[in-house]
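Asks: Here's a structure for you.
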Amino acid sequence: AYCRDRNPHKITYRLKWILNTSSAGDIYADAAGYFAQNGLDVQIRPGGPERDPIKELELGRAEFGVASADQIIRALSKGADIVVVYQLFQINPLQWIYRPDKTLIENPRDLMGKTIGITHGGIDENIMKALLAKSGIKLSEVELYSVRYDFTPFYQARVDLWPIYRNAQGPVIGARLEEAGEKIAYFNPDKHGIHTVANSVITSGKILRTRPELVDQFIHALHRGWEAAMEPSNTEKTIAMIYQADKNTPAETIKKQLELTRAFVKPYAQIPIGAIDASAWRQTEKIMTDQKLIDKPVGIDQFLRGTFVNAKKPQR
Amino acid sequence: MHINLNAIDFRHGKTDTRVFENTSYRIDGPGFNALFGPSGVGKTTLAKIIAGKADHNSRFSGSIDKEGISVILYTYNLERLPNWYSIEEHFRAVCPASAKKLLNELTEISGLKPVINSRFSRLSLGQQNRANLIRYLIQDFDVLIMDESLANVDEITKQKIILKIKSAFPDKIFLYISHNVVEVAKFCKEILVIRRPERLPQIKKVSGFDFAGEREPGQGRLEHIMLEIMNAS
Amino acid sequence: MHINLNAIDFRHGKTDTRVFENTSYRIDGPGFNALFGPSGVGKTTLAKIIAGKADHNSRFSGSIDKEGISVILYTYNLERLPNWYSIEEHFRAVCPASAKKLLNELTEISGLKPVINSRFSRLSLGQQNRANLIRYLIQDFDVLIMDESLANVDEITKQKIILKIKSAFPDKIFLYISHNVVEVAKFCKEILVIRRPERLPQIKKVSGFDFAGEREPGQGRLEHIMLEIMNAS
Amino acid sequence: MLHKRIYQFLIIYFLGLSALFIVKYSLELSDYVIPSPAEVWSAARQYFFSFFINSVNTLCVAILGHMISICLATAVAIIGSKTNWIGSFIKIGAYNIQAYPIVAVAPIIFILFGDGLSSRLLITAMICYFPLLLSFIGVFSEPVAHIEHFYNSTGQMTWWLPIKIRLFENISKLITVISGSATVAMVGTIVAEFIAADAGIGYRIRIALYQSDLAKILVALFLIGICTSLYLFVLEYSGTRIKKKLDIPAEGSQ
Amino acid sequence: MLHKRIYQFLIIYFLGLSALFIVKYSLELSDYVIPSPAEVWSAARQYFFSFFINSVNTLCVAILGHMISICLATAVAIIGSKTNWIGSFIKIGAYNIQAYPIVAVAPIIFILFGDGLSSRLLITAMICYFPLLLSFIGVFSEPVAHIEHFYNSTGQMTWWLPIKIRLFENISKLITVISGSATVAMVGTIVAEFIAADAGIGYRIRIALYQSDLAKILVALFLIGICTSLYLFVLEYSGTRIKKKLDIPAEGSQ
Ligand SMILES: Nc1ncnc2c1ncn2[C@@H]1O[C@H](COP(=O)(O)OP(=O)(O)OP(=O)(O)O)[C@@H](O)[C@H]1O
Ligand SMILES: Nc1ncnc2c1ncn2[C@@H]1O[C@H](COP(=O)(O)OP(=O)(O)OP(=O)(O)O)[C@@H](O)[C@H]1O
Ligand SMILES: [Mg+2]
Ligand SMILES: [Mg+2]
């Protein structure tokens, strides 16, 4: 364990993925000193598939973490003691990129006969399967293609649709294709009634019970960070902070990513950033139950403990 | 003190020819004895049988009784000393305290003094032979079998070494394997002439001159022994 | 046909002692000659110098002229034949067509016939020596240096082989390295006795009996040669 | 022999498993972090058969990849052991390519070879051949003076002969290395499947990993272990037979 | 020597790069499949320095991991080369663990060791030690009859002596293997960084891969190659020095 005995406010915040624009608010809160102002010494650490924030929480190596809804629900089904305290994306940024001049997709029925990239075992597989089921397309009527680290099969047009994170990878991959004069478009399952949740902030039930003030302070600072980062007038400042944390991405790209991120984090003026969309959580849970990823529903509502749970979402 | 070979039968692995067939022999009391016979007849094989080092795959029957003998060492001329020490360091590493003086004398007599600080791989063949033999001589043993251990050493040095061995170890058994009939006839007490399995007995005994440094054998005496050996083999 | 050593100076790598110092010698015409001298004196070293196989790290000066000689082979008793063939297959693999008959005779004389189908690692030491020597003899050469090549072979077989060599190769030069003074005196035409660098000349020549199978040397004659060799070395 | 191998593997596997459970219960970790024995057992019952089929599939590719690796390593080592410029160039080339992580060169491989069996085999071979190469270069670069002398002196040395001599001289080392590298072939195949394939046990592990399903991974590791032990045994057994056939003295270097 | 190594690496790298461009232009692949030379050049100019720092960081971890691997391999090989039950058990244990892909055991490693330097080193060592182990077991299992005979006969054989004898007898093979395995240490570190770290060139490759940026990967590969060549050279040079010091005859086995 870290030097928690010495300083109770020294905490670790484990991200789901590397530091990039998807954690704009986290970076902002840190760089702008919001954590420090709340008396917290937060260490933000990048994650990856092998470094699961939920496990880190349980092992006491982190106090807060970012995980995707499917990870969280799966962990809950196995008795992990975690609660959701903040939802980073209101709309799941997971989309499928395609070439509209070769593959025209206006509604899900157009997916029939297409080759669709999915990550076997990833949430995108479940989302796509749910969408196909919802649209009455049998699995045998599409070609599912197992996606791996590199995009070559899509580049070489052997696969028609390829899953990407719209806000993070979109501007990079898209730009690359557009540079070469290709037309691109994105297929968004959310538009077709599959509302799922992506990244959310979690902590352990034990921390919430024993140190609620810590959770408050942390979420408060984090929320300030996200609000500031999403504020259009702060764009330049935010970009600079992200670039400081992630020198691998040029500032212009970050700028594009930030705009897109804003559209996923705060799509509606009346819904606060970080609001927990309980219905999307339920739908995610249902998809996972239907596809036998979990034995039985976990009763997700009881684990949603954010400040803005169930904030009303406008009808689209 | 004796070694008794009883009805030894021996075939090497993968072969069907018997090297020994119902062979018996008794080596009695201490002394510098020779194993003699044409190349390929089975000297090395017999030596290994006596030392209990015969190949695992070989087929062996018969028995060996020993009395008053606990340690039998077998040394051969292809052995090497590891290269991490000089010869002197090697000697020191394997020399029991009681043999220090002996070691000194042996090094002196064998003419290894000038190269005592060299590594083994930098010695001439005969120097390698001698270095190897010496480290065996300073061990504790009752029987030492020397399989061509001095085959690559010049005759003058060889004689010095053999005489030293004979005087230093009057109560041990040596089995000296060599192809030099003069030398065998002159220095050995008993010569075990080994013959092809067709000829019985397979080991025939010839008494040697057993020269110990005092009285050089007369030419006639030596020739007689050599003739006997030749006839036997 | 001659080999001329001119003012040879030689030190092994990492050592400062000269093995040869301003040494000259001339080997003239064909014949079965010996390199003789106490162990460690430099026979192997000289042989390798003549064969052009001296160690890279050694320091060497002087020159060697040759006339009528193009191929010098050097063979020594530690050489091994690869284990993938039997001895016979090995012989066949390296035997030029013209040497087939010779090969047959050599195999016969050397007594290797019974083990001709064995692998090298299954031979006795003397058998290994002979197998190795034979494959050299069937090669094309002008000079063959045999460094203790027959050291582990019995005297009877050795004599047969040497006599065969002498009759089969009357116009080649052999340099035979051995520690057996009787043998050297009896079979060799010229004995190059090598001595420590302190003694000059470092190579002294003694004429041997050069026995070729016809007329056995008388005891006196042989002893005289042996005495000369002993005095020289 | 075989049952001994399997037996030893089982001991190791269950020791590891027990250690994991001890960690779980002493730190009071949830089933998500480390699955409970019951969950592992049920995963085993549920997936054993299909994972087994997958493992056998992987094993087949591994065997093929292993053969390719051996050929590749032999070829590169033979050239690389020559002391000329080309030899040292090839050696450095082989070494440098090895220093690149497969994940980094995988895109290039896919561009060049598509994503069928050939890419999978290539990745397997690339991972597996290097340990072999190292030993082979070590063996092939070291002259066996007492044997090679004859061929060098008499001008009968061919390009190939020193290789053959050194190979024979070190056959038991090489057999040890080759049979041991079976496990590398296995792991290479799994990695290849992990990156590239949609079949084989590596692919199943990847899915389990995305789903944080350690229970499935443990079942997969069990089957991988069994398959590896099996293949290892077959190779070691063949090695012993070959040594006998080639009449390699049991005692070692003669 | 050093400049020769670097020189050879450059040739190889630029040959590879040219091949890639030839594929690109002959198949008319667009810049997103294989980047254009201009793009690679601009990536090089932009990232060379920061990637260089990262590569040096990686190299340092690789060197540390390599040392650990050598120790680990030596220890396991010494035990594994003994012919008793424990020896064969340890050997099988080592082999079986090796058969598990790092990615599959990584979650367990992270559970047990957290994600500091220790996990990174452990993964590096696990990847790197096995090729060493194979050669070491090969060497340590094979008796050197002509040397060991004396110690066996006279009862002076200790547990350690045969190891020492076989080590000395095969020192040049072992040096070849150890210096060659430097590249495996490098790749092991990169893989460890790929899965675990937030520093080092492996981490940069992972990001580049995520962004599908082959140009950056090519720059990274260049720097990895340079670092590897450097380390390789240092090891080979030390190896030559050691051999000289130990007075290993150049001719080979005497
Ligand atoms: N490992 C083996 N496998 C099969 N046959 C063998 C083996 N070792 C030796 N032989 C054969 O056994 C016989 C006796 O061999 P041995 O080595 O005992 O002879 P030796 O009398 O010592 O001969 P030398 O004087 O040449 O050393 C020989 O004919 C030899 O070919
Ligand atoms: N590689 C070497 N490095 C250093 N010194 C060596 C080396 N080889 C031999 N010597 C030394 O050089 C001298 C001559 O050795 P050489 O092998 O020529 O002797 P030799 O006359 O053949 O002896 P032997 O009859 O014992 O074979 C010896 O004193 C020996 O110690
Ligand atoms: Mg013998
Ligand atoms: Mg010599």
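Asks: Would you list A:LEU57, D:LEU117 from fewest to most Cβ contacts within 10 Å?
Replies: The fewest-first ordering by Cβ neighbours comes to D:LEU117, A:LEU57.
Asks: Could you compute how fast the range D:6-120 diffuses translationally, taking Rh as the Kirkwood radius over C-alpha pairs and applying Stokes-Einstein at 20 °C with viscosity 1.002 mPa s? Give it in µm² per second.
Replies: Translational D for this selection: 114 µm²/s.
Asks: Something else now. Near C:LYS172, which lysines are there with a Cα under 17 Å away, not counting those fewer than 8 places off in the same chain?
Replies: Correct list for C:LYS172: C:LYS66, C:LYS164, C:LYS189.
Asks: Run through the DSSP bridge list for the protein assembly as shown and note the antiparallel percent, rounded to the nearest 5.
Replies: Taking every DSSP beta bridge with both residues in the protein assembly as shown, the antiparallel ones total about 55 percent.
Asks: Mind jotting down the three principal axis lengths of chain C based on Cα atoms? Whole angstrom, largest first.
Replies: 49, 46, 32
Asks: Another question, if that's okay. Once both axes come from the Cα atoms, what is the angle between helix E:117-141 and the longest principal axis of chain E, in degrees from 0 to 90, rounded to 10?
Replies: 50
Asks: If you plug each phi of the range A:267-278 into the Karplus form 6.51 cos²θ - 1.76 cosθ + 1.60 with θ = phi - 60°, what whole-Hz ³J(HN,Hα) values come out, in order, with x for Gly and Pro?
Replies: So the J values, rounded to whole Hz, are x, 10, 4, 7, 9, x, 4, x, 4, 9, 8, 4.
Asks: Still on this structure, I have one more. I want the antiparallel fraction of DSSP beta bridges within chain A, as a percent rounded to 5.
Replies: Once the DSSP bridges in chain A are tallied, antiparallel ones form about 55 percent.
Asks: Moving to a separate point now. Would you mind checking the range C:71-89 for residues with the amide N under 19 Å from a putative spin-label position 7 Å along Cα→C-beta of D:LYS164?
Replies: Taking a point 7 Å out along Cα→Cβ of D:LYS164, the residues of the range C:71-89 whose backbone N falls under 19 Å are C:80-89.
Asks: Report, by chain and number, residues whose modeled amide H sits under 5 Å from the one on A:ILE82, excluding near sequence neighbours (fewer than 5 apart, same chain).
Replies: Excluding prolines and chain starts, which carry no amide H, the hits are A:GLY205.
Asks: Treat each spin label as a single point 7 Å out from the Cα along the C-beta direction, and report the C:TRP84 to C:LYS66 distance in nm.
Replies: Modelled inter-label distance: 2.9 nm.
Asks: Compute the acute angle (0 to 90°) between the alpha-carbon long axis of helix D:2-27 and the principal axis of greatest extent of the alpha-carbon atoms of chain D; round to the nearest 10°.
Replies: So the inclination is approximately 50 degrees.
Asks: Once phi is turned into θ = phi - 60°, what whole-Hz ³J(HN,Hα) does the Karplus curve with 6.51, -1.76 and 1.60 give for every residue of the range D:62-72, x standing for Gly and Pro?
Replies: Couplings: 4, 5, 4, x, 5, 4, 4, 4, 4, 4, 4 Hz.
Asks: For the range C:174-187, what does the Karplus curve 6.51 cos²θ - 1.76 cosθ + 1.60, with θ = phi - 60°, yield as ³J(HN,Hα) per residue in whole Hz, taken in order and with x for Gly and Pro?
Replies: Listing the rounded values in order: 10, 10, 9, 9, 7, 9, 9, 5, 4, 4, 5, 5, 6, 9 Hz.
Asks: Hey, which lysines would be in cross-link range of E:LYS244, C-alpha to C-alpha under 28 Å, not counting anything within fewer than 8 residues on its own chain?
Replies: B:LYS113, C:LYS14, C:LYS43, C:LYS48, C:LYS53, D:LYS82, D:LYS91, D:LYS164, D:LYS173, E:LYS4, E:LYS164, E:LYS173
Asks: Quick query: amide H of D:THR154 versus all other amide H atoms, modeled in the peptide plane; which residues come in under 5 Å with a sequence gap of 5 or more or a different chain?
Replies: Hits under the 5 Å cutoff: none.
Asks: Let me ask something additional. Cα-based Rg of chain A per 2.2 N^0.38 Å, rounded to two decimals? Walk me through the numbers before you get to the answer.
Replies: Details: Rg = 19.5 Å, N = 316, 2.2 N^0.38 = 19.6 Å.
The reported ratio for this selection is 0.99.
Asks: If you don't mind, there's one more thing I want to ask. On a straight-distance basis, which lysines could pair with E:LYS216 in a cross-link, Cα separation under 23 angstrom, same-chain partners fewer than 8 positions away excluded?
Replies: Candidates past the 8-residue exclusion: A:LYS247, A:LYS255, A:LYS256, E:LYS24.
Asks: Based on the Cα gyration tensor of the range C:131-232, what are the three equivalent ellipsoid semi-axes, each the root of five times an eigenvalue, rounded to whole Å and given largest first? Walk me through the numbers on the way to the answer.
Replies: Details: eigenvalues 104, 62, 31 Å².
They are 23, 18, 12 Å, listed from largest to smallest.
Asks: Another question about this same structure. How much net charge surrounds A:GLN257 when only other residues with a Cβ under 13 Å from its Cβ are counted (Lys, Arg +1; Asp, Glu -1)?
Replies: Net charge around A:GLN257: +1.
Asks: Also, I was wondering about something else. May I ask you to work out the translational diffusion coefficient for the range D:2-245 at 20 °C, viscosity 1.002 mPa s, via Stokes-Einstein with Rh from the Kirkwood sum over Cα pairs, reported in whole µm²/s?
Replies: The calculation lands on 106 µm²/s.
Asks: Right, something else. If you keep only loop residues by DSSP, which trypsin sites (Lys or Arg not before Pro) in the range B:175-233 have at most 15 other Cβ atoms within 10 Å of their Cβ?
Replies: B:ARG199, B:ARG215
Asks: How many nm is it between the label spots at C:ALA212 and A:ALA36, if each spot is 7 Å from the Cα in line with the beta carbon?
Replies: That separation, rounded to one decimal, is 10.7 nm.
Asks: List the GluC sites (Glu not before Pro) within the range A:68-141 that fall in a DSSP loop (any state other than H, G, I, E or B) and whose Cβ has at most 11 other Cβ atoms within 10 Å.
Replies: A:GLU106
Asks: Mind giving me the nanometre distance, one decimal, between the label points for D:MET1 and C:LYS100, set 7 Å out from Cα along Cα→Cβ?
Replies: About 4.3 nm, to one decimal.
Asks: To continue, here is another question. When N counts the residues of the range D:109-228, how does its alpha-carbon radius of gyration compare numerically with 2.2 N^0.38 Å, as a ratio?
Replies: Taking N as the residue count of the range D:109-228, the ratio is 1.49.
Asks: What number do you get for the range A:219-281 when its Cα radius of gyration is normalised by 2.2 N^0.38 Å, N = residues?
Replies: So the Cα radius of gyration is 1.20 times the expected 2.2 N^0.38 Å.
Asks: Could you tell me the calculated FRET efficiency between C:LYS205 and B:GLU223, based on Cβ-Cβ distance and R0 = 30 angstrom, to the nearest 0.05? Intermediate results must be reported in sequence, preceding the final value.
Replies: Numbers: r = 30 Å, r/R0 = 0.99.
Here the calculated transfer efficiency is 0.50.
Asks: If you take all C-alpha pairs in the protein assembly as shown, what percent of them are over 43 Å apart?
Replies: Result for the distance tail: 54 percent.
Asks: I've got another one for you. Mind checking the range A:233-295 for chymotrypsin sites (Phe, Trp or Tyr not before Pro) that DSSP puts in a loop (not H, G, I, E or B) and that have at most 16 other Cβ atoms within 10 Å?
Replies: Filter output for the range A:233-295: A:TYR268.
Asks: Under the rule of at least 5 residues apart or a separate chain, name every residue whose amide H is placed under 5 Å from the amide H of B:ILE191.
Replies: B:ALA34, B:VAL206, B:SER207, B:GLY208
Asks: For the range C:2-232, what does the relative contact order come out to in percent, with C-alpha contacts under 8 Å and a separation of six or more?
Replies: Relative CO of the range C:2-232 lands at 26 percent.
Asks: Taking the label point 7 Å from Cα in the Cβ direction, how far apart in nm is D:MET157 from each other copy of itself, listed shortest first?
Replies: Distances to the matching label points in the other copies: 3.5 nm.
Read-outs throughout are calculated quantities, based only on the coordinates presented, and are distinct from any laboratory measurement. A quick note: this is a predicted structure, and the numbers were derived from the prediction, not measured. We place every Cβ from the backbone using ideal geometry, glycine too, and count neighbours over all the protein chains shown.
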